[in-house]
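The block underneath contains the structure these notes are about, expressed in structure tokens.
The values are calculated or read from the model by the stated rules, or taken from the named source; none is laboratory data. What you see is a predicted model, and the numbers here were worked out from it, not measured in a lab. Cβ: placed from backbone, ideal geometry, glycine included. Neighbour counts: every protein chain shown. SASA here: full protein model, heavy atoms, side chains in, ligands and nucleic acids out. Shrake-Rupley method; radii C 1.70, N 1.55, O 1.52, S 1.80 Å.
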Amino acid sequence: MNDTPAVRCLFITSIFPPINGGSAVVYENLCRYAEQNSAFVLSCKRDYSSGKEIENWQDVDATAPYPIFRIDLLRPLSQQSISRLHSLWLLIANDIPQKIKIFYQVAKIIRANKINVVCIGELISGSWLGLMSRLLFGCKVINYIHGEEVTTTTTYLLYGKNRKFYLNQADAIVAVSQFTRQALTDIMDTDPNKIHIIENGVDIHKFVPGSKDISILQKHNITHKKIIFTVGRLIQRKGIDKTLYALPEIIKSIPDIHYLIGGTGEFRPQLDAIVDELNLHDYVTFTGRIADDDLVKYYQSCDLFLMPNRELADHDTEGFGLVFLEANACEKAVIGGRAGGAVEAVKDQQTGILVDGYQEQEIANAVISLLNNDEQRQAMQQEGLKTALAASWESKSSRFFDLCKKLVQGDQ
């Protein structure tokens, strides 16, 4: 008789739908395809970046096939201190009391739901919750690592030692790519025996091939255009700025080109300035946030997907690039940057083309080549679809919960 308890894993992350982002998609789908009563989520009611309540979180929670618990915040909001004394006051008066409240909620969920594995979605801000859960309740602890949280130096400069400590204390670590695994061992000195690679997957039931959506085309007045599409957070490493600088060269060869840019982010003002500088208003549309139900329509409506990502000076880079698989699943060829984990997400010259995300001419050449060569593009579309179908979230979720079972059984 097997007395090993069933896996009951609590994901702790502030980045969860309806908030956009690759990691939110990862955690949502790991839970969606888990066995019943195996997955639980603790997330936030407020957006940490703005401090405002997250729109429509109640709708997400009501329709999810697994329990989602929400508290106000999973970490204290950042406050600017004016002195060491003020910093100490903030710690005593704000941070510590709030952390006590947060862990009280975590403890209630663990006890009420017999949680035996805690998966931490944010290395710096969440790992302490995992360690406290193990100390007081015997939970196994997994850190889920996407890449930038270990490669970036500037953002985490003061916490480098904490990162290594947390990773060293984890029972297991999931890396989303070989690139991320290498970063863990090279930069964080992580024990390679703790690292388990589970590449990002794609929802092959949601992202499917289809005709261009006439409502999308009419909405943006691009009915008779060749459409290139980027979606994601509008941040510097995505390479959208370099694509804009490449656009005048592309227009010379493909006058009916139009660039759709989906998403929101802090880099938007710089992108607007480039559009103004190059007078690209007739060729570029910023869609803003794309509703989850509409995203597949945008993929289906484009002729080519691109995100020429690059590594920044502080080593911030893509850990994988989930959007490439989503586009492939919609039978689209892709252009990605020759940096970070994108080199694993895009099979160069098979599912798409890899370029130097700093070189505008390379980006322009790749776009022109694929849009002017139907045979090459269609061959990549077919190979991309085949690749996406082999990377379903069902298989990724199964691998994750197999790891959880081994931890609970003491095999890891």
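Data table
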| item | result |
| --- | --- |
| Residue that is open to solvent by 20 Å² or more (accessible area, probe 1.4 Å), out of contact with any Pro (no Cβ under 7 Å at 6 or more places or on another chain), modelled with pLDDT of 95 or more and within 23 Å of ILE145 (Cβ to Cβ), where the choices are LYS406, LYS386 | LYS406 |
| Only one of ILE261, ILE197, ILE214 that is under 30 Å from TYR27 (Cβ atoms), surrounded by fewer than 16 Cβ atoms within 10 Å (Cβ to Cβ), without any contact (Cβ under 8 Å) to a residue 60 or more places away in the chain and among the β-branched types (Val, Ile, Thr) | ILE197 |
| When residues of region 348-361 are limited to those that are touching a residue at least 40 places away in the same chain (Cβ under 8 Å) and more than 24 Å from the chain's Cα centre (by Cα), the one least open to solvent (accessible area, probe 1.4 Å) | GLU360 |
| Scan of region 376-392 for residues that are farther than 17 Å from VAL323 by Cβ and part of a loop (DSSP other than H, G, I, E, B), ordered by number | ALA390 |
| Qualifying residue in region 314-334 (condition: farther than 18 Å from SER177 by Cβ, small (Gly, Ala, Ser) and either assigned to a loop (DSSP other than H, G, I, E, B) or at pLDDT below 95 (or both)) | yes |
| Qualifying residue in region 324-347 (condition: open to solvent by 10 Å² or more (accessible area, probe 1.4 Å), over 30 Å from THR153 (Cα atoms) and charged (D, E, K, R)) | yes |
| Single unsatisfied condition, ASN309 versus (1) in a loop (DSSP other than H, G, I, E, B); (2) open to solvent by 10 Å² or more (accessible area, probe 1.4 Å); (3) under 14 Å from THR230 (Cα atoms) | (2) |
| Residues being of a type in the set (Phe, Trp, Tyr) and free of Cβ contacts under 8 Å to residues at least 40 places away in the same chain - total across region 17-56 | 1 |
| Among (1) more than 15 Å from the chain's Cα centre (by Cα); (2) outside any loop (DSSP other than H, G, I, E, B); (3) within 19 Å of ILE290 (Cβ to Cβ) - the single one VAL343 does not satisfy | (3) |
